[in-house]
Amino acid sequence: MRLKIVQVGEPVLRQRARPVLAEEIALAETQQLIAWMRETMLDAPGVGLAAPQVGLPLQLAVIEDRPEYTRDIPADRLAERERKAVPFHVLFNPHIVERSEQNVEFFEGCLSLAGYSALVKRSHHVTVEYLDEHGEARRLEAQGWYARILQHEIDHLYGRLYIDRMESRSFMSTENLSRYWKDVPIPSLRKALGIDDPE
Ligand code: ZN
């Protein structure tokens with residue numbers, strides 16, 4: 001079943017989601033929810049989906065970056081973003097236990113702000129602890145685009161959206177991003193958008 005993805009302004013997107021107990025993870029209804037979230041993410045399509053985005057204030061996110069999503073993206077663009085395929089996986093109660101001081105800045109979007117994008121700085125790499133779909137404690141290290149996806153999804157579980165962290169002058173429709181800016185290097189783009197200008 002495809003679930004409805006709620007849009008910005010929906011109260012649940014601004015709430016802190018509640019942690020899920022290991023015994024709840026084992027329930028058939030939780031496993032069903034995981035399957036539905038996976039289907040909803042694939043259908044969107046998106047590379048991550050957090051439970052608040054389908055209206056549920058639970059600390060649960062699913063992530064998958066499929067090879068076919070990046071087939072038409074030039075290799076140099078993928079290399080710059082350090083974007084590689086990520087297999088499907090499930091995170092309950094994730095938290096970032098370590099993050100790099102080094103930040104990287106790229107455009108990102110969100111299924112709950114459909115049609116828009118903005119520049120967002122994120123840590124280049126993160127270490128995350130979480131429970132998997134069996135309720136087992138896990139720890140992962142990620143860098144590049146995968147680290148960005150994790151930070152974006154974990155933000156959702158705390159009621160945060162990328163617009164809280166974005167460079168506001170870079171906020172634009174994804175259509176205009178492709179039309180005008182997609183091949184512009186970030187430093188030139190910052191200049192053209194007046195981001196570094198004094199007030
Ligand atoms: Zn999002």
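Between a residue in the stretch 171-193 that is more than 22 Å from ASN103 (Cβ to Cβ) and any residue that is of a type in the set (S, T, N, Q) and surrounded by 13 or more Cβ atoms within 10 Å (Cβ to Cβ), which pairs come within a Cβ distance under 8 Å, given they are 6 or more apart or on different chains?
Once the first residue is more than 22 Å from ASN103 (Cβ to Cβ) and sits in the stretch 171-193, its partners that are of a type in the set (S, T, N, Q) and surrounded by 13 or more Cβ atoms within 10 Å (Cβ to Cβ) give SER173/SER117; THR174/SER117.
Within the set of pairs 6+ apart or on separate chains, which have a first residue in the stretch 100-118 that is under 19 Å from HIS156 (Cα atoms), a second that is more than 15 Å from the ligand (Cβ to nearest atom) and among the polar types (S, T, N, Q), and C-beta atoms under 7 Å apart?
Here the result reads GLY115/SER173; TYR116/SER173; ALA118/SER170, each pair linking the stretch 100-118 to a residue that is more than 15 Å from the ligand (Cβ to nearest atom) and among the polar types (S, T, N, Q).
Just for strands (runs of 3 or more DSSP E) wholly inside the stretch 102-188: which have at least 1 residues that are buried (at least 18 other Cβ atoms within 10 Å of the Cβ) and out of contact with any Leu (no Cβ under 8 Å at 6 or more places or on another chain)?
103-109, 116-123, 125-131
Within the stretch 150-167, work out how many residues are more than 11 Å from the ligand (Cβ to nearest atom) and more than 18 Å from GLY55 (Cα to Cα).
Residues that pass the stated criteria total 5.
Keeping to the stretch 23-48, report how many residues are more than 22 Å from ALA114 (Cβ to Cβ) and β-branched (Val, Ile, Thr).
3
With the checklist (1) away from the ligand (no atom under 14 Å from the Cβ); (2) touching a strand residue (DSSP E or B) at 6+ places or on another chain (Cβ under 8 Å); (3) not basic (Lys, Arg) in hand, flag the one item PRO74 doesn't pass.
All conditions pass for PRO74, except number (2).
Each reported figure results from applying straightforward, stated rules to the coordinates on display, with no laboratory input. This structure is a prediction, so every number in the text was calculated from the model and none was measured. Please note: Cβ atoms are built from the backbone with ideal geometry, for glycine as well, and neighbour counts cover all protein chains shown.
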